[in-house]
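K.L.:
Below you'll find the structure I mean.
The values are calculated or read from the model by the stated rules, or taken from the named source; none is laboratory data. Just so we're clear, the structure is a prediction, and the values are computed from it rather than from any experiment. Please note: Cβ atoms are built from the backbone with ideal geometry, for glycine as well, and neighbour counts cover all protein chains shown. Calculation scope for accessible area: heavy atoms of the full protein, side chains included, ligands and nucleic acids excluded. Shrake-Rupley method; radii C 1.70, N 1.55, O 1.52, S 1.80 Å.
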Amino acid sequence: MAVDANYDEGLIPSYDLPDPLVDSEGQPVQSVEMWRQQRRPHILQLFEEHVYGRIPGPASQTTAEILEEGAAFDGRAHRQQIRLHFHGNGEHTHADILLYAPTRATNPAPAFLGLSFFGNHAVTDDPAVLLSCAWMRPDANSGIVDHRASAASRGVNASRWSIERIIDSGYALVTAYCGDFDPDFDDGYANGVHPLFFHPGQIQPAANEWGTIGAWTWGLRRILDFLEICPQIDATRVAVMGHSRLGKTALWAGATDERFAMVISNDSGCGGAALSRRRFGETIARINRTFPHWFCNNFRVYD
């Protein structure tokens, strides 16, 4: 019988893990070239097909609009708020990016990039940051009322982001609300970026195509596209980060896009860095039942 979670070390079954340095035919990986050309692509394909789903490339058209910019943190940072517009299949959606770059930097700055749970306004007390109008998961303690942010949600997660410490250390901070790319509920993939890529007559991703974590990953990659043409940022030194479900997203972003220089994934759990075969903590069955939109439908085979 499937269980929701196991937190008893004594109940962990015996298990074997596949050796990442042995290929599917039992041959050891003996060179960097063999890893790069054979083993790594095969492992990536397995995760694409069975866990996160395949992610498409950029939208057919993307444009950037500067919504606002100015000085922040007593002049130590330059703030930009950018709206990325995505077009495809006659559909349009957008995501709002918040960027803080250190003003004392004489060269393009390395950056930390991460998605937020409650919008750009929630990561800082900066009153100039625009309040998100997007759908959000209910959380009265975070100032979310009727699935929308309120003034009470401004800065509610600021302590988690340490923006001033990042700026004072010479780094930039770049963030966006995850729900701008796909809202975190099972809406049939109708309200995010998925419809930009549906084939004629398609209304759902195929069983091996991206779910919501894939959409968030796609969003991080599109932000990195923008950072590559942003003069304040050294796009070769961008660390992608995330917590919990967004920790899973950071891992998948780093795996699928090697432009990211570093991945910082915190508490990513089941479907992230946790070993499913170890059967400790949340189970695949529970995470697929509670969040059926996160992964590709093929992942449900492993419930």
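K.L.:
Give me the 1.4 Å probe accessible area per residue for the chain, excluding ligands and nucleic acids, in Å².
P.N.:
That works out to 49 Å² for each residue.
K.L.:
Enumerate the amide H contacts of Arg148 below 5 Å, restricted to partners 5 or more residues apart or on another chain; note that Pro and chain-start residues carry no placed amide H.
P.N.:
Long-range HN contacts for Arg148: Met136.
K.L.:
Another question about this same structure. Would you kindly derive the ³J(HN,Hα) couplings of the range 58-72 from the backbone phi angles with the Karplus curve 6.51 cos²θ - 1.76 cosθ + 1.60 (θ = phi - 60°), listing them in order in whole Hz, with x for Gly and Pro?
P.N.:
Computed from phi, the couplings for the range 58-72 are x, 5, 5, 8, 10, 10, 10, 10, 7, 8, 6, 7, x, 7, 9 Hz.
K.L.:
What does DSSP give for the chain in terms of the percent of beta bridges that are antiparallel, rounded to the nearest 5? Before the final figure, lay out each step's value.
P.N.:
Values: 33 of 50 bridges.
The antiparallel proportion sits near 65 percent.
K.L.:
Across the range 172-177, in residue order, what do the Karplus-derived ³J(HN,Hα) couplings come to in whole Hz, using 6.51 cos²θ - 1.76 cosθ + 1.60 with θ = phi - 60° and x for Gly and Pro?
P.N.:
Values per residue, Gly and Pro as x: 9, 10, 10, 8, 8, 7 Hz.
K.L.:
Over the chain, with a Gaussian network built from C-alpha contacts below 10 Å, which listed residue (Arg76, Arg40, Arg245) shows the highest mean-square fluctuation?
P.N.:
Comparing Arg76, Arg40, Arg245 in the GNM, the peak value goes to Arg40.
K.L.:
Label Ala274 and Gln38 with points 7 Å out from Cα along Cα→Cβ: what is the distance between them in nm?
P.N.:
With each label point 7 Å from Cα toward Cβ, the separation is 3.5 nm.
K.L.:
Please give, to one decimal in nm, the separation of the simple spin-label points placed at His50 and Thr290, each 7 Å out from Cα toward the Cβ.
P.N.:
For the pair His50/Thr290, the computed spacing is 2.4 nm.
K.L.:
Accessible area of the range 67-122 with a 1.4 Å probe: how many percent of it is carbon plus sulfur?
P.N.:
Carbon-and-sulfur percentage of accessible area, whole number: 47.
K.L.:
Taking springs between alpha-carbon atoms closer than 10 angstrom, which of Ala95, Ala140, Ala59 fluctuates most in the Gaussian network model of the chain?
P.N.:
Ala140
K.L.:
When the dipole is taken about the Cα centre of the range 186-303, and only Lys, Arg (+1) and Asp, Glu (-1) are charged at their Cβ, what size is it in debye, to the nearest 20?
P.N.:
440 debye
K.L.:
In whole Hz and in residue order, list the ³J(HN,Hα) couplings for the range 14-29 that follow from phi through the Karplus curve 6.51 cos²θ - 1.76 cosθ + 1.60, θ = phi - 60°; x for Gly and Pro.
P.N.:
5, 8, 10, 9, x, 7, x, 9, 10, 6, 5, 9, x, 8, x, 7
K.L.:
Springs between alpha-carbon pairs under 10 angstrom, Gaussian network model over the chain: which of Met241, Met262, Met34 fluctuates most?
P.N.:
Result for the chain, Cα springs under 10 Å: Met34 fluctuates most.
K.L.:
Then there is this: When the label point is put 7 Å from the Cα of Asp257 along its Cα-to-beta-carbon vector, which residues of the range 59-87 have a backbone N closer than 11 Å?
P.N.:
Those under the cut-off are 59.
K.L.:
Between Glu91 and Asp19, with labels modelled 7 Å along Cα→Cβ, what's the label distance in nm to one decimal, could you check?
P.N.:
4.4 nm
K.L.:
Tell me the mean residue ellipticity at 222 nm calculated for the chain from its helices only (DSSP H runs of n ≥ 4, each -39500 (n - 2.57), averaged over every residue, nearest 500).
P.N.:
-4500 deg cm²/dmol
K.L.:
Under 14 Å from the Cβ of Thr249, count the other residues' Cβ atoms, weight Lys and Arg +1, Asp and Glu -1, and hand me the total.
P.N.:
-1
K.L.:
Would you work out what percent of the accessible area of the range 142-290, with all protein chains in place, is carbon or sulfur (probe 1.4 Å)?
P.N.:
50 percent
K.L.:
Would the chain count as rounded, prolate or oblate if I go by the C-alpha gyration tensor, calling it rounded below 1.5 in a/c and otherwise prolate when a/b exceeds b/c, oblate otherwise? All intermediate terms of the calculation are to be shown ahead of the outcome.
P.N.:
Details: a/c = 1.56, a/b = 1.42, b/c = 1.10.
Since a/c reaches 1.5 and a/b is larger than b/c, the shape of the chain is classed as prolate.
K.L.:
Another question, if that's okay. Tell me, rounded to the nearest percent, the portion of alpha carbon pairs in the range 166-303 spaced more than 25 Å apart.
P.N.:
31 percent
K.L.:
Further question on the same structure: If you find the alpha carbon centre of the range 1-33 and of the range 143-218, how far apart are they in angstrom?
P.N.:
31 Å
K.L.:
Amide H of Ile264: which non-local residues (sequence gap of 5 or more, or other chain) have their own amide H closer than 5 Å, using H built in the peptide plane?
P.N.:
Here Val240, Met241, Gly242 satisfy the definition.
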